[in-house]
Amino acid sequence: MSDIKSNTFSIPKVYNQKSVEDKWYQHWLDNGYFHAKINPEKVPFTIVIPPPNITGMLTMGHVLNNTMQDILIRKARMEGKEACWFPGTDHASIATENKVVKMLTEKGFSKEEVGREEFLKYSWEWKMKYGGIIIQQLKKLGGSCDWNRERFTMDDDYTLAVQEVFVRLYHKGLIYRGYRLVNWCPISKSAISDEEVIHREIQGKLWYFRYPIVDSETYVVVATTRPETMLGDTAVAVNPDDDRFKSLIGKMVKLPLAGRDIPIIPDNYVDPEFGTGCVKVTPAHDPNDFEVGERHNLEFINIMNADASLNENVPVRYRTLSREEARRLVVADLEAIGLLEKVEDYTNKVGYSDRGNVPIEYFMSNQWFLKMSDLAKPAMEAVRSGKINFYPDYWVKTYYHWMKNIKDWCISRQLWWGHRIPVWTHNKTGELHVSVDPPDDEKNWTQEPDVLDTWASSWLWPFAIQGWPEKSKELGYFYPTDVLVTGPDIIFFWVARMIMASYEFLGEIPFREVYFTSILRDNQGRKFSKSLGNSPDPFDLFEQYGTDAVRFGIMLMAPQGLDVLFSNERLEVGRNFMNKLWNATRFLLMNTDDVAPKFLNDIDVEQFELSDRWILSRMNQTINKIESYYTSFRFNEIAKQIYDFTWSDFCDWYVEIIKSRLYGDEEEAKVQVFTIAVHVVKTILKLLHPYAPFITEELWHRIHDACPRLAEDESADIITAPWPAMEESFISDITENEMNLLQKVVTGIRTVRSTMNVPPGKKCNLIVRADSRDMDFINSHARTICLLSKVEGINGGSDIQQPSHSATVIVEKMELFIPLEGLIDIEKEKQRLWGEVERLEEKLERVRKKLKNKNFITKAPDEVVEKEHRKLDDITQTLTKLKLNYEMLL
């Protein structure tokens, strides 16, 4: 009785992802495949997800990053490892607080009006309603995370870990409070990290002001892009080696409008070539000026309120004005008293608050800081020694540079949503209580109002999600994690800090390897961004192409170390590839009648034909290459290997070659070739599964439904099927060389038929001039040559003459002649070819004239000139081929 349900089994002609994706994802969840357990019999493989913000929605960046993680986890699961992908979300202090503030504003309330306790209630409500959206979207992507282990950075146990870290570092003397210059967002009224500052190129002005020298009729001229900050100037600096100003060092200038006398000081920071060579120094509002101020013990005058309006430290006339209003008034007032020298257009890079979307201020305020230099040392050594490896490795240099120049970290934020700093101040004595537990008599103490920087919680992510500070069994089994996949833009803010935290609190690395993803750009080379509106919605793409096609397509376009130039064409390639695989599998399952396939080991290798030996050699070569690419995280190369082997080797060659045996009468040959073909398809499905989980699971079940015997010793679901192992015994260079020669013969004949416009339905004859050894090769593969090249008969020998009006193909030492008489109208084809030659020669002449035109060469854009050069090359090559074809017909 047959294992093939030839009469009842059917597979749809067209792959419909909508009926497949949700079905299999739920099936995997129902069977607990994503959930990992502590199993001493298995090797653990762990990845922690870079926790997306609860305010976030799935972007193409998430698709790229999380597809890579899912690929690694699915492969590890198939390799028999205890694969655990820890998911979760980040509370995202500023982003979430902004959302809640906006929501309250729409209701007619302000943050301050509702108060802290009520505001936090609103924040938790917002989180419960919207915070899980991106998690559901990751599931739609196919992410096989261990959802039982989903964590949130403000879960109770995680919050305890964050507080414990603060307390330990404080008592170790690494955390301190200081009055320092920080990035300040006037919208959130909080310090923000460097990562939250976006620099934009702004077309502005450069104003030149005269500062009168005290007891003199002369003045110095300074230039600034921020006139309003001059009200906080406490010095004018010159380069000590600048001969123009050496005599002025030590003298005082009268600060206009403010009426204060400030010194002229020498400092090597000043570039004599920039501006006038005299620089106004505002230590409280510029990071470079801050350092100058510290070197010279200058006064630090903060002239800004928290909302960036001007405060009581400026003359009454300017108080409460916004930065922009003060700027206009200062310029007008200086011009009115004759101290405006000139104004120039100036292009400047201005730091903007990513969330507030306004220019930041450099602002003096009391903040909590963490000393970093000692924490950085073991983290640097971990990368230097190879305990942690970066891919691509050029990021190591960037990492070292930052770590060597590391500065103390401002860890406090003037927000309410987040981890409140566990510090209480005694209301009378000023004594500090730093502990995870509040003081016994809380009414006499006031807790620090600030919360911690979001990064000051997420730097604990790899171990805080596993129960630390308790010595959990999970930490002992799943830690250190294996791979971190993340963007290079947070190498300092997250990656480096996680390494530091892991060494400080666990004494070991947090992960062994870090893969930095590429930057996604559109086809114009612009980075994907909300403001440009050039980033497609992933769900539109899932709907249009299918999730598997999007996953596979984006991997194809993501070479390691290079930016990803996104294109819908690659997604088309992905969709076409899924359809090709579907159709090839459908062909095998629907075009066999009463054939009982066996396992590969059950058939006689000695009976294999060249094509059988070749496809198994190519398959095992592919497995070997894929494995080597996995070790270096070359995701696009893996995708290409799977694509090329499936589409070219298997579908275009092997499936075409075996049709004669599948349709033949020899039962044993049919069983043999069907067994090999199905074995290859199942191997392809396994290799492809991490990239395209849905279609591979569907086809895996389709094959087992059609061939129940093949399911006996296999995993019921491909998600847990064993990863393909290379079988070296099948690899043969001799076989591949022989097949390569056969392919050259077939391709050569096909090319002639195509270029000479031979009708597809007409068969041709093949005349071969070759020695006896090559003729034996041709004759032994005559069936395949005839089948694939539409050849009716083959004749040949070492002394055979070339027939008239025949096309010639040279394959190594063989000469292949295809007589054209009877296949095509020779005279008509000669006319067509020559007409095409004349048309292209005219076109070629026009291109040559254009490229000789100096006006065109000098004025046209480089890409247009390059396009014309390519056109010249293409036309020249086409003409050469056409003339050769014409000569064949003479």
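The values are calculated or read from the model by the stated rules, or taken from the named source; none is laboratory data. Model, not experiment: these values are computed from the prediction. As a convention, Cβ positions derive from the backbone with ideal geometry for all residues, glycine included, and neighbour counts pool all protein chains shown. Heads up: the accessible areas ignore ligands, DNA and RNA and are worked out on the full protein's heavy atoms, side chains in. Shrake-Rupley method; radii C 1.70, N 1.55, O 1.52, S 1.80 Å.
Table for the structure above
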quantity: Placed amide H near residue 807: partners under 5 Å, 5+ positions off or other chain; calculated: 818, 820
quantity: Summed side-chain charge close to residue 774 - residues other than residue 774 whose Cβ falls under 11 Å, Lys, Arg +1, Asp, Glu -1; calculated: -1
quantity: Whether segment 54-175 is rounded, prolate or oblate, judged on the alpha carbon gyration tensor where a/c under 1.5 counts as rounded; calculated: oblate
quantity: Calculated P(r) of segment 1-110 - Cα pairs past 19 Å, %; calculated: 68 percent
quantity: Derived scalar couplings ³J(HN,Hα) [segment 393-402; Karplus, 6.51 cos²θ - 1.76 cosθ + 1.60; whole Hz; x for Gly, Pro]; calculated: 6, 5, 5, 4, 4, 4, 4, 4, 4, 5
quantity: Cα gyration tensor shape of segment 264-357, rounded if a/c is under 1.5, else prolate or oblate by comparing a/b with b/c; calculated: rounded
quantity: Hz values of 3J(HN,Hα) by residue in segment 545-552 - Karplus curve (6.51, -1.76, 1.60), Gly and Pro given as x; calculated: 10, x, 4, 4, 5, 5, 4, 5
quantity: Prolate/oblate/rounded call for segment 526-633, Cα gyration tensor, a/c under 1.5 rounded; calculated: oblate
quantity: Protection-proxy order for peptides 336-342, 183-189, 457-463, 48-54, each taking the mean of Cβ atoms within 10 Å per residue, highest first; calculated: 457-463, 48-54, 183-189, 336-342
quantity: Probe 1.4 Å, protein heavy atoms only - accessible area per residue of the chain in square angstrom; calculated: 46 Å²
quantity: Integer Hz, Karplus 6.51/-1.76/1.60 couplings in order for segment 352-363, x for Gly and Pro; calculated: 10, 5, 4, 7, x, 6, 9, x, 6, 10, 8, 9
quantity: Sorted peptide list for 244-256, 130-142, 83-95, 193-205, criterion being average Cβ within 10 angstrom, highest first; calculated: 83-95, 130-142, 244-256, 193-205
